[in-house]
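The values are calculated or read from the model by the stated rules, or taken from the named source; none is laboratory data. Quick caveat: nothing in here was measured; it's all calculated off a predicted structure. Note that we place each Cβ from the backbone using ideal geometry, even for glycine, and neighbour counts take in every protein chain shown. When the accessible area is computed, the model is the full protein with side chains, heavy atoms only, and any ligands, DNA or RNA have been set aside. Shrake-Rupley method; radii C 1.70, N 1.55, O 1.52, S 1.80 Å.
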Amino acid sequence: MPLKPSGEMYLETIYVLTKEKSSVRSIDIAEHMGFSKPSVSRAVARLKEEKFIVVDEFGYITLTEDGLSLAQMIYERHTVLTRVLMMLGVDEVTASEDACKIEHVISETSFETLKKYMEK
């Protein structure tokens, strides 16, 4: 079953936090996303069940190989889409917020076309 956009957002957040700090826990995700601890706990349990993350006995979260691969793809979509929107004159905050919405629904074909265009 494909991951829902909310699950993708959690994976992307874990990936971003992992780049910023050596260890990530549910509280870090809650603070970063502005979500309640129970909401994050449910999402983390789902991601763990679907084998996108591993949670150790101390509550530290690590992306699995599949989780890392998906998180990197989502993050790339976010950064490319943000840059495209900013090139078109959208301010950075709005561009990032809109990219976050678009990244979950854009087709692979459209995304790859935008990415190639950006590389020119």
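At a probe radius of 1.4 angstrom, the accessible area of segment 1-69 per residue rounds to 63 square angstrom.
Using the scaling law 2.2 N^0.38 Å as the reference, what is the normalised Cα Rg of segment 1-46? With N residues counted in segment 1-46, Rg over 2.2 N^0.38 Å equals 1.08.
With all pairs of separate Cα atoms included, segment 74-117 yields a Kirkwood hydrodynamic radius of 10.1 Å. Shown here is the pair-distance distribution of the chain: with all Cα-Cα distances grouped in 10 Å bins from zero up to the longest one, the shares run 13, 43, 31, 12, 1 percent.
Taking the accessible area of segment 12-91, probe 1.4 Å, and keeping the other protein chains in place, the carbon and sulfur fraction comes to 54%. Residue ranges 75-87, 100-112 sort as 75-87, 100-112 when ordered by packing (mean number of other C-beta atoms within 10 Å per residue, highest first). Determine the alpha carbon to alpha carbon distance for each of LYS48/LYS115; LYS51/LYS120; LYS21/LYS120; LYS51/LYS101; LYS19/LYS116; LYS19/LYS115 and list only those over 28 Å. As for pairs spanning more than 28 Å Cα to Cα, those are LYS48/LYS115; LYS51/LYS120; LYS21/LYS120. Helical content alone sets the calculated 222 nm signal of the chain at -22000 deg cm²/dmol, taking -39,500 (n - 2.57) per DSSP H segment of four or more residues and averaging over every residue.
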